[in-house]
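Below you'll find the structure, written out as structure tokens, and then a few comments.
The values are calculated or read from the model by the stated rules, or taken from the named source; none is laboratory data. Nothing here was measured: the structure is a model prediction, and the numbers come from that model. All Cβ positions, even for glycine, are placed from backbone atoms using ideal geometry, and neighbour counts span all protein chains on display. Note: areas computed on protein heavy atoms with side chains; ligands, DNA, RNA excluded. Shrake-Rupley method; radii C 1.70, N 1.55, O 1.52, S 1.80 Å.
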Amino acid sequence: GAVVSQHPSRVICKSGTSVKIECRSLDFQATTMFWYRQFPKQSLMLMATSNEGSKATYEQGVEKDKFLINHASLTLSTLTVTSAHPEDSSFYICSARGQEVGVNQPQHFGDGTRLSIL
Amino acid sequence: GQNIDQPTEMTATEGAIVQINCTYQTSGFNGLFWYQQHAGEAPTFLSYNVLDGLEEKGRFSSFLSRSKGYSYLLLKELQMKDSASYLCAVRKLTGGGNKLTFGTGTQLKVEL
């Protein structure tokens, strides 16, 4: 089945640091990638949708200048949390969907990145 | 917006059958997905419904009634490893494409 690789799996860093998370589709071309955030015992909340070669679409309440998304190729999207603070500590999960049109495809998820800001 | 409701917790016995319900309200409905998520891990895809009826996939089945805004996930022959959170997710067609919104998840505990 389709594989989505997310790196790193865990980050612990000081407040004020910027952190970059990579999401790669390994065996398919992902025209669309999604970034979610999940706080403990809560559901996944969509942060933004990124389409290859165009600007990301952010959900209401998500600061685009704080969460920078780049989707430069059909297999790679990155999320950069700029000047991270303790309240940004969360589980960040990316998801990717392939190019096929007219086929009902599920989104495939990466393994997630647990971000802890001290 | 979308309202997706599912029970917070359920407990069942190994070898038994359990049904996890999900109700939703949305416009532009374009499919309903069920995912399994173990603690600290990413969700894994279980099943998908876009038309009314039952979809069966091994020990897992999912049912959809679009007119009632209702779905359920049926797990048969429960195993201890089935203890996890089960997420109901509704896909909505928007101007920007399809968007998937998740419910808060049902934490299933399988006991001996």
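Taken over segment A:48-67, the criterion of being part of a strand (DSSP E or B) and modelled with pLDDT under 95 is satisfied by A:Ala48, A:Thr49, A:Ser50, A:Asn51, A:Thr57, A:Tyr58.
Residue pairs whose Cβ atoms lie under 7 Å apart, sitting 6 or more positions apart in sequence or on different chains, and linking a residue in segment B:35-49 that is closer than 16 Å to B:Gly103 by Cβ and facing another protein chain (nearest Cβ under 9 Å) to a partner that is open to solvent by 40 Å² or more (accessible area, probe 1.4 Å) and outside any strand (DSSP E or B), are B:Tyr48/A:Asn104. Of the listed requirements (1) buried (at least 20 other Cβ atoms within 10 Å of the Cβ); (2) farther than 21 Å from B:Leu93 by Cα, A:Ser9 misses just one: (1).
Look at A:Leu68 and say whether it is under 12 Å from the mean Cα position of the chain (by Cα) and without any contact (Cβ under 8 Å) to a residue 24 or more places away in the chain. For A:Leu68, the condition - under 12 Å from the mean Cα position of the chain (by Cα) and without any contact (Cβ under 8 Å) to a residue 24 or more places away in the chain - is met.
The condition of being open to solvent by 50 Å² or more (accessible area, probe 1.4 Å), more than 20 Å from A:Gln42 (Cβ to Cβ) and of a type outside the set (Asp, Glu) holds for only one of B:Leu64, B:Leu74, B:Leu78, B:Leu54, that being B:Leu54.
When each of A:Ser18, A:Ser95, A:Ser25 is tested for being at pLDDT 95 or above and on the phi < 0 side of the Ramachandran plot, the lone residue that passes is A:Ser18. Restricted to strands (runs of 3 or more DSSP E) entirely inside segment B:48-112, those with at least 2 residues that are within 24 Å of A:Ser50 (Cβ to Cβ) and hydrophobic (A, V, I, L, M, F, W, C) are B:84-94, B:97-102.
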